[in-house]
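These notes are about the structure you will find just below.
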């Protein structure tokens, strides 16, 4: 794991819980006892299993959202239902497409910080498809299969590109539980961009063949996130669970 830079958080970077008042300048993260994890496309909540056990061992209360992947609005609503049940400050974490969800749901007053894991991070109302087109297409796209208005990844693309550094048995397990996504999911736009007002952390997967690593670096820099890089496929939450856990612990105000 390599820290690329410990960036100062943006001015007015933390929306104080429940007040809407912003604090200027660099800040330390609010200590949080809760973590809410949001899975990405072609996955379900079990993709966080390796991270969940580590966070629980550190004494954190952890919940994995089972978002339906039918629309951005549906997934944000599912995430907010979980956030509303949290008791106090909460770190909200998104992998892959779920970066869109946490960017929107992250304005929830329970959220004290955001963590993005090889994730999208749109600005409010942004055409993210057009933005991503400025970067080279990754090979996983060739494995997308459509059926009845929903998309899945075929086995070859899942194993070779999506989960490239995950042991085959584990990758096959994750392939078996992948959740189809609505064909229109990626074109959905957000209402909010919480990374403008909440302190943010980002884990770049430097060997990613699902989201271009340079695109991930661009997004992390744009949000002024505290950034690490891991030599990982898209599924760093599985293959580099310790590094991802440590980043979440840092965002929760705890020492890894």
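Derivation of every value follows stated rules applied to the coordinates shown; laboratory data play no part. Keep in mind the model is a prediction, meaning the values are calculated, not measured. No Cβ is skipped: glycine too gets one built from the backbone with ideal geometry, and neighbour counts run over all protein chains shown.
Taking the chain as a Gaussian network of alpha-carbon nodes connected by springs under 10 Å, the highest mean-square fluctuation of the residues 44, 127, 208 belongs to 127.
As a length-normalised measure over Cα pairs under 8 Å and 6 or more apart, the relative contact order of segment 149-256 settles at 28 percent. Judged by the ratio a/c of the largest to the smallest principal axis of the C-alpha gyration tensor, segment 111-224 counts as prolate, that ratio being 1.5 or greater while a/b is larger than b/c.
Beta bridges assigned by DSSP with both partners in the chain are antiparallel in approximately 30 percent of cases. The calculated FRET efficiency for the pair residue 73 and residue 173, based on their C-beta separation and a Förster distance of 51 Å, comes to about 0.95. Entry note, the chain: relative contact order of 27 percent, from Cα contacts under 8 Å with a spacing of 6+ residues. Compared with the dominant principal axis of the Cα atoms in the chain, helix 72-83 is inclined by about 50°. The C-alpha atoms of the chain define a longest principal axis, and helix 241-251 lies at about 30 degrees to it. Working from label points 7 Å from Cα in the Cα-to-Cβ sense, the residue 155 to residue 85 distance is 3.5 nm.
With Cα atoms as the point set, the radius of gyration and Dmax of segment 195-242 evaluate to 10.7, 31 Å.
Among 50, 173, sorting on how many other beta-carbon atoms sit within 10 Å of each Cβ, with the fewest leading, yields 173, 50.
Mean residue ellipticity, 222 nm, helices only, the chain: the sum of -39500 (n - 2.57) across DSSP H runs of n ≥ 4, divided by residue count and rounded to 500, is -7500 deg cm²/dmol. Computed from Cα positions, the angle between helix 213-222 and the longest principal axis of the chain comes to roughly 20 degrees. When you count the other C-beta atoms within 10 angstrom of each residue and take the mean per peptide, 65-71, 243-249, 82-88 line up highest first as 243-249, 65-71, 82-88. Judged by the mean number of other Cβ atoms found within 10 Å, the most tightly packed of the peptides 210-219, 174-183, 98-107 leads the ranking 98-107, 210-219, 174-183.
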